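Chemist: After the structure tokens below, expect a handful of questions from me.
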Amino acid sequence: MRECGSAFAPSNIALCKYWGKRDAALNLPVNSSLSISLGDLGTRTEIRPSDADAVYLNGEPVALDDAFAVRTLAFLDLFRSEFGNASFVVRTENNIPTAAGLASSASGFAALVLALADLGGWGLGGRMLSMLARLGSGSASRSLFEGFVQWYMGTCPDGSDSFAEPVSKPWPEFRIGILELSSARKPVGSRDGMNRTVETSELYKNWPAQATADLETIRGALFARDFQTLGKTAERNALSMHATMMAAWPPLIYLQPETIEQIHKVQRVRADGLEVYLTIDAGPNIKLLFLEDNEQAVASAFPGLQTINPFG
Ligand code: DP6
């Protein structure tokens with residue numbers, strides 16, 4: 001065992017969303033999903049065995065009863081026996097806002113698994129690491145890899161076929177714009193939100209079939225480099241997910257007034273001929289999808305946009 005393990009994992013944004021679990025303990029999803037990783041935006045984690053557990057987030061100590069520390073330490077419990085039942089000091093640095101709907105739990109658990117693998121010299125392959133990250137957070141299974149990534153839902157009850165893998169070759173012109181509309185912590189996290197949706201939303205009944213069809217369309221569009229089909233399908237997939245949430249009880253409305261305003265704006269600029277699409281996770285922020293040719297036009301239509309080149 002080394003003295004310290006460290007690793008970086010990128011954040012990822014789903015173009016076909018994971019929403020709903022068939023097994024909550026193992027984070028086994030109801031549907032397969034497909035994402036794009038965000039290059040150098042994500043989480044860097046360092047882990048050291050120690051006499052007592054300690055958790056730092058962006059340089060600040062985190063109380064051990066804080067939700068972030070509780071989730072991190074519960075995940076580490078799965079691995080302590082590999083390290084002589086050690087306690088750990090974990091230092092996490094995010095260069096994306098925590099819990100603002102920009103998937104920091106995805107890069108967080110992926111970086112933690114990679115840091116543990118580094119500490120223990122595990123030498124495991126990507127599939128196995130992806131399955132381990134999935135135990136921390138479903139979307140973390142996809143953050144092990146760069147570029148476009150598919151998480152196969154699998155069918156085995158033990159989750160041994162539910163892992164992510166890269167799909168398709170790089171698309172160097174692909175751009176993502178982050179419109180950060182609010183960095184407030186969301187009132188209901190993805191985990192509780194998806195469980196509530198599965199349990200109470202009538203509209204959720206159609207979700208597995210739609211997500212399966214959307215994923216096939218997006219995969220096809222990726223291979224064909226058909227940006228319009230990809231964008232349309234990703235936008236409709238995200239808004240359909242939000243429709244299932246709104247039909248839950250109590251209703252889950254992650255969209256804020258600013259979000260709705262910007263959704264309308266995307267439709268307006270698109271009607272004027274600008275090829276830009278959007279996706280939204282379980283939060284108020286919007287991610288825009290566009291190609292390099294339109295980078296300037298999209299940036300001037302959406303002031304304050306943070307543009308990411310995932311293959312840069
Ligand atoms: C809307 O992966 O955060 O971002 O597995 O319970 O940790 P848990 O959920 P999480 O859910 C992500 C939901 C989403 C869609 C997606 O990333 O696919």
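Chemist: Taking into account only those residues within the stretch 171-210 that are modelled with pLDDT of 95 or more and either in a loop (DSSP other than H, G, I, E, B) or of a type in the set (Val, Ile, Thr) (or both), which is surrounded by the most Cβ atoms within 10 Å (Cβ to Cβ)?
Modeler: Once the filter is applied, the top-ranked residue is Thr197.
Chemist: With (1) more than 14 Å from the chain's Cα centre (by Cα); (2) outside any loop (DSSP other than H, G, I, E, B); (3) buried (at least 19 other Cβ atoms within 10 Å of the Cβ) as the list, and Ser162 as the residue in question, which single condition is left unmet?
Modeler: (2) is the only condition that Ser162 fails.
Chemist: Within the stretch 192-202, how many residues turn out to be touching a residue at least 24 places away in the same chain (Cβ under 8 Å) and within 16 Å of the chain's Cα centre (by Cα)?
Modeler: Qualifying residue count, the stretch 192-202: 2.
Chemist: Also: Filter the stretch 1-21 for residues that are assigned to a strand (DSSP E or B) and out of contact with any Pro (no Cβ under 7 Å at 6 or more places or on another chain) and give the result.
Modeler: Gly5, Ser6, Ala7, Phe8, Ala9, Pro10, Ser11, Asn12, Ile13, Ala14, Leu15, Cys16
Chemist: Right, another one. Can you report the number of residues in the stretch 262-278 which are without any contact (Cβ under 8 Å) to a residue 24 or more places away in the chain and basic (Lys, Arg)?
Modeler: 2
Chemist: In the stretch 16-39, which residues are farther than 21 Å from Ser240 by Cβ, touching a helix residue (DSSP H, G or I) at 6+ places or on another chain (Cβ under 7 Å) and surrounded by 20 or more Cβ atoms within 10 Å (Cβ to Cβ)?
Modeler: Asn27, Ser37
Chemist: Also, I was wondering about something else. Answer yes or no: is there a residue in the stretch 110-118 that is touching a helix residue (DSSP H, G or I) at 6+ places or on another chain (Cβ under 6 Å), within 16 Å of the ligand (Cβ to nearest atom) and either free of Cβ contacts under 8 Å to residues at least 12 places away in the same chain or within 22 Å of Leu222 (Cα to Cα) (or both).
Modeler: Among the residues of the stretch 110-118, not one is touching a helix residue (DSSP H, G or I) at 6+ places or on another chain (Cβ under 6 Å), within 16 Å of the ligand (Cβ to nearest atom) and either free of Cβ contacts under 8 Å to residues at least 12 places away in the same chain or within 22 Å of Leu222 (Cα to Cα) (or both), which makes the answer no.
Chemist: Against the conditions (1) part of a loop (DSSP other than H, G, I, E, B); (2) touching a strand residue (DSSP E or B) at 6+ places or on another chain (Cβ under 9 Å); (3) of a type outside the set (A, V, I, L, M); (4) within 16 Å of the ligand (Cβ to nearest atom), where does Cys156 fall short? Just the number, please.
Modeler: (4)
Chemist: Which condition number does Ala86 fail, the rest of (1) modelled with pLDDT of 95 or more; (2) more than 24 Å from Arg191 (Cβ to Cβ); (3) in contact with a Lys or Arg (Cβ under 8 Å, 6 or more places away or on another chain) being met?
Modeler: Failed condition: (1).
Chemist: Ok, one more. For the stretch 1-34, which positions are near the ligand (Cβ under 10 Å from one of its atoms) and among the aromatic types (Phe, Trp, Tyr)?
Modeler: Once the filter is applied, which keeps residues that are near the ligand (Cβ under 10 Å from one of its atoms) and among the aromatic types (Phe, Trp, Tyr), the stretch 1-34 yields Tyr18, Trp19.
Chemist: Looking only at residues in the stretch 214-261 that are without any contact (Cβ under 8 Å) to a residue 12 or more places away in the chain and under 20 Å from the mean Cα position of the chain (by Cα), which one is farthest from Ser183 (Cα to Cα)?
Modeler: Among those that are without any contact (Cβ under 8 Å) to a residue 12 or more places away in the chain and under 20 Å from the mean Cα position of the chain (by Cα), it is Glu216.
Chemist: Out of Ser141, Ser168, which single residue is within 14 Å of the ligand (Cβ to nearest atom), surrounded by 16 or more Cβ atoms within 10 Å (Cβ to Cβ) and not hydrophobic (A, V, I, L, M, F, W, C)?
Modeler: Among Ser141, Ser168, only Ser141 is within 14 Å of the ligand (Cβ to nearest atom), surrounded by 16 or more Cβ atoms within 10 Å (Cβ to Cβ) and not hydrophobic (A, V, I, L, M, F, W, C).
The values are calculated or read from the model by the stated rules, or taken from the named source; none is laboratory data. Please read all numbers here as calculations on a predicted model, not as lab measurements. Reconstructed Cβ throughout: ideal geometry from the backbone, glycine too, with neighbour counts over all protein chains shown.
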